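Data first, discussion second: the structure below is written as structure tokens.
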Amino acid sequence: MMTQFQRKRIKEEIDRQNAMVDASADSLLDKLRASKWTGAILLAAAMAIVIVVLWSLF
């Protein structure tokens, strides 16, 4: 059986890990926004998907 103290410690640890993951994701998103290649890569990926879909239709 868990004590109230153990529950509190587990909740604090989970909250701390969630905050670290959020900060990491925000950092990655900022890096992608700053990159001049992000737009070109996304455009190329979208075009490749469109080509594959059209190819499969005909």
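The values are calculated or read from the model by the stated rules, or taken from the named source; none is laboratory data. Quick caveat, the model's predicted, so the values are computed rather than measured. Quick note on the areas: whole protein, heavy atoms, side chains included, nothing else; ligands and nucleic acids left out. Shrake-Rupley method; radii C 1.70, N 1.55, O 1.52, S 1.80 Å.
When residues in the stretch 31-53 are screened for being in a helix (DSSP H, G or I) and open to solvent by 90 Å² or more (accessible area, probe 1.4 Å), 9 of them pass.
Please enumerate the residues belonging to the stretch 1-18 that are open to solvent by less than 100 Å² (accessible area, probe 1.4 Å), assigned to a helix (DSSP H, G or I) and of a type in the set (S, T, N, Q). Passing the criteria: Q6, Q17, N18.
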